[in-house]
Structure formats: structure tokens, C-alpha cells
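Working notes, structure below.
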Amino acid sequence: MSRSPRVVVVGSANVDLTTFTDQFPRPGETIFGKDFHLGFGGKGANQAFAARRCGAEVTMIARIGDDLFGQATLDNFVSAGIETRHVLITPGVSSGVAPIFVDSAGQNRILVVKGANDRLSPSDVDAAADVIREADFVIAQLEIPLATVFHTLELARSLGVRPMLNPAPGHVLDFDRLKAADFVIPNETEAETMTGLPMSDSAEVDACARFLLDKGLRQVIITLGANGSLHAAPQKITQVPAFEVTAVDSTGAGDAFIGSLACFLAEGRSESDAMSRANLYAALSTLTIGTQKSFVTRDRFEAEWAKRS
Ligand code: RIB
């Protein structure tokens, strides 16, 4: 292709306060955690960061608080080479924060305080229509108001740009409003929340994907952690295998998958090739602690891909 992939992310930016612990306190109890890590996160910002690290030109549309975390978030976007013209500082509200707890198996539990993310409005997105028009993909998640999410999907489609929705955190949604999205990409828990269907084995995962297609969704990708990912389109359902790694922190792996997937698809790759690469990109992110800090460069990714594919 003659130009770099272009990705716009309409979504959240948080500061992640990650505690590593083998146990969780009971009500009224105080216990010691093992370690603490402060880093940049937020599903939107993480996806923007992953797409950028893979080589895309990325614009972030977001709101941050007028506080220390907000300024630090802005500086982090700038040093990553992410366009921040549409990152708006919002007085009188905190930046988004996420206390995260990671257990000894690398599994995480996340609490999000939305703060300024909850002020991102449809008119903020309209103000960026010129950038959206030039993008290959626009990605949204659910850490901003739902009205803004639906507006983003519909605006992108009306401008001829491919919208992607990561319905995270899990939420019951009006399926009709999701028909604008080219790809809806939940993980297993989010798919279960959206559909009310169980997801305990591969037959149930297939049934859930078919249910979503029957509701009129164009394409569904369900991320399955250590089991890879599944692509469902009206013509067929394809399982794309995972790459084996020993995870130390899986936080942000779903975001690594989605941001890298947008870049790989925008490079003109098929869904199954792009998903296989995104599976590896996400797996590599679990090898080190943190979210954005654990996302590898394109060169490192290519070296691993050459070894493992
Ligand atoms: O998906 C991981 C992200 O969820 C974290 O970075 C946290 O900020 C929450 O948004």
C-alpha cells in the first residue's frame, strides 16, 4: 500500500494503578500486596497505542481531567507519536483511573472510575469528522457514554470508514445500534453479557457468534485468551489458534489484539492472517507487566512472527 494505515480511536484514557497480590482482602481486613505498578491505560488509549506501535498513524479522540494524570496522559500520547488535537482537557473532573489487581496466575480484576471519559460527547466526535473521514478504521469501546459510541459507529459508516466496536466493559446493548459496525469484538465474558448465552465450550462460543450474526451484526470476532480468537461472518465461522506463552500479566492483551488487528487489516491482510498476527501481538503483551508498556514494537513483533508463524 502507498501510505501508512490510519486509525482513529474514540475512547478512554486512564491511569492504571496495578497491585500484584496472591490474595484479596475480606471486608474489614488489611493484607499486604506483593508489588505495585503505575502506568498508562484505558481501553481506548491502549488500542491507540497498540495500533501506533504496529506502524499506523493514529489519532485519539478523548477527554482527560485537568489534573496531573491528565497532563501526563497527554505527554504520553505525544511521545508515542499519537495525534492529540482531539484530546480535550476537561476542568472540574478527574482523569479516568483504574485500580487493577493481578493474581499469581497473571489474571486481572479491574475497577474503572470513568472521570473525564464520561464527558466525551457526540459533538466532540463531530468536531473530528475531517480526521475520521481519512481513516481506514475507527475504533470505539464502552468506557465513554453509549450515545457517543453509537454516534461514532454511525458517523464513521456514513463517511465510508470501517467502524470497529470493542464492547468492553461488558454491557447489554441494543443490537440494532451495532449494525453500523464492521466488526464487533468482545471477549468471552463480554459476549456472554451481551447475549445472555453460556460460553463454556467451543460449541457454545460458535452458537453465541451465530446468535450475534442473526441479530444483524456484520462480523463478530470473539477473543478467547489462551484459545486464540474466532471470526464469524455470515458465510463461515473460523477459529484462529493462539500462540503459547507463559503470561505474567494479561492486562490489556485484548486491547493489544484490537489495536494491532486494525493496523494489520488496514494493511490489506485477510481477516484470518490479521487475526493470527493480532493473536501473537496480544500474547507477546502478556510476557511483561503493564498495559501499554508491554506492547512490543513492530520490529520485535516481526522477529517473533518469523520464528513462530
Ligand atoms: O483493558 C485494560 C484496561 O481496562 C486497563 O488499561 C484499564 O485502564 C481499563 O480501562
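The values are calculated or read from the model by the stated rules, or taken from the named source; none is laboratory data. Nothing here was measured: the structure is a model prediction, and the numbers come from that model. Here the Cβ is made from the backbone with ideal geometry for all residues, glycine too, and neighbour counts use every protein chain on show. We work out accessible area using only protein heavy atoms, side chains counted, and drop any ligands, DNA or RNA first. Shrake-Rupley method; radii C 1.70, N 1.55, O 1.52, S 1.80 Å.
Select from the range 100-136 the residues that are out of contact with any strand residue (DSSP E or B) (no Cβ under 7 Å at 6 or more places or on another chain), under 28 Å from Glu57 (Cβ atoms) and within 16 Å of the ligand (Cβ to nearest atom) and list them in ascending order.
Answer for the range 100-136, where residues must be out of contact with any strand residue (DSSP E or B) (no Cβ under 7 Å at 6 or more places or on another chain), under 28 Å from Glu57 (Cβ atoms) and within 16 Å of the ligand (Cβ to nearest atom): just Asp118.
Filter the range 152-175 down to the residues that are assigned to a loop (DSSP other than H, G, I, E, B) and acidic (Asp, Glu) and list them by number.
Asp174
Being surrounded by fewer than 24 Cβ atoms within 10 Å (Cβ to Cβ), in contact (Cβ under 8 Å) with a residue 60 or more places away in the chain and within 16 Å of the ligand (Cβ to nearest atom) is the filter here, so list the residues in the range 19-52 that pass it.
Across the range 19-52, the qualifying residues are Thr19, Phe20, His37, Gly39, Phe40.
Yes or no: the range 184-199 includes at least one residue that is more than 14 Å from the chain's Cα centre (by Cα), open to solvent by 40 Å² or more (accessible area, probe 1.4 Å), under 25 Å from Val9 (Cα atoms) and of a type in the set (S, T, N, Q).
yes
So which residues in the range 176-209 are assigned to a helix (DSSP H, G or I) and under 16 Å from Ala140 (Cβ atoms), if there are any at all?
Hits for the range 176-209 are Arg177, Leu178, Glu190, Met194.
List the number of the failed condition for Gly268; all other conditions in (1) at negative phi; (2) outside any helix (DSSP H, G or I); (3) open to solvent by 20 Å² or more (accessible area, probe 1.4 Å) hold.
Of everything listed in (1) at negative phi; (2) outside any helix (DSSP H, G or I); (3) open to solvent by 20 Å² or more (accessible area, probe 1.4 Å), Gly268 misses just condition (1).
With respect to Ala203, is the statement that it is among the small types (Gly, Ala, Ser) and touching a residue at least 12 places away in the same chain (Cβ under 8 Å) true?
no
Take the range 215-239 and flag every residue that is closer than 18 Å to Asp255 by Cα and in a strand (DSSP E or B).
Val220, Ile221, Ile222, Thr223, Ser229, Leu230, His231
Report yes if Val97 is part of a strand (DSSP E or B) and within 16 Å of the ligand (Cβ to nearest atom), otherwise no.
Answer is yes for this residue.
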